[in-house]
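Participant: Structure in structure tokens, see below.
Any read-out appearing in this document is the output of simple, stated calculations on the displayed coordinates, not a laboratory observation. As the structure is a prediction and not an experimental result, all values here were calculated from the model. For neighbour counting, all protein chains shown are included, and Cβ atoms are generated from backbone atoms with ideal geometry for every residue, glycine included.
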């Protein structure tokens with residue numbers, strides 16, 4: 001079991017996001033998983049793991065030292081339309097480009113995406129370029145407050161049956177207006193394969209199971225933690241070979257928590 005260097009508990013009380021643990025168990029049945037809490041780096045990164053099942057255009061944060069396979073780091077670069085027709089149909093020229101041969105993706109490098117103390121080895125924002133196609137038909141039938149998971153997309157709509165929410169609007173990204181979505185039904189939540197090291201934002205008082213709060217706490221390096229150690233590469237502090245820290249992401253003004261996935265699908269390298 002993962003044990004922090006300090007005695008900080010993973011959550012304070014029972015998580016209100018009850019389906020998240022089931023999400024990870026479902027994910028591990030669909031793909032080979034690197035379960036850090038049990039195997040650490042003792043199991044090699046799987047070569048045959050399925051890609052995560054996020055919608056095309058989803059923008060997510062990772063504490064790993066790379067963006068996973070089938071994603072692009074959100075650095076504001078321009079892409080060829082002919083090679084990325086799906087993303088272009090969702091983004092258009094919202095993030096730059098001439099709309100004829102090139103288009104831009106969001107630039108999320110000038111914010112909390114990279115902790116100043118650790119420069120380019122900090123958190124990364126990744127854009128999903130392959131995955132499920134987002135369906136914009138119909139209206140969401142759930143109440144936004146009924147589920148705690150917030151996902152972001154570079155498109156100007158939330159995939160059905162998600163719904164737009166203003167509970168996580170990030171003003172520092174005003175030049176790159178991501179759409180914040182409250183995830184819908186339990187089925188929709190359970191449909192995704194969460195990646196080891198991914199940052200999950202929850203509109204809830206506690207981090208869900210299989211995650212730890214992104215509060216900078218340290219972990220001892222041992223057989224149970226070497227997977228996370230290899231992904232983070234001491235970007236957030238620690239002593240090489242002895243301990244490493246999680247990223248420290250402040251709670252948003254709306255009270256939303258950032259949590260690090262510590263059990264999930266191994267993020268394949270591009």
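Participant: Any idea how far apart residue 77 and residue 222 come out in nm if each label point goes 7 Å out from Cα toward Cβ?
Facilitator: In this crude label model, residue 77 to residue 222 measures out at 4.0 nm.
Participant: If the chain between residue 157 and residue 93 were fully stretched, how many nm would it gain, using 0.36 nm times the residue separation less the Cα-Cα distance?
Facilitator: Numbers: separation 64, 0.36 × 64 = 23.04 nm, distance 1.51 nm.
21.5 nm is the gain from fully extending residue 157 to residue 93.
Participant: Please compute the modelled spin-label separation between residue 85 and residue 109, points set 7 Å along Cα→Cβ, answer in nm with one decimal.
Facilitator: 3.0
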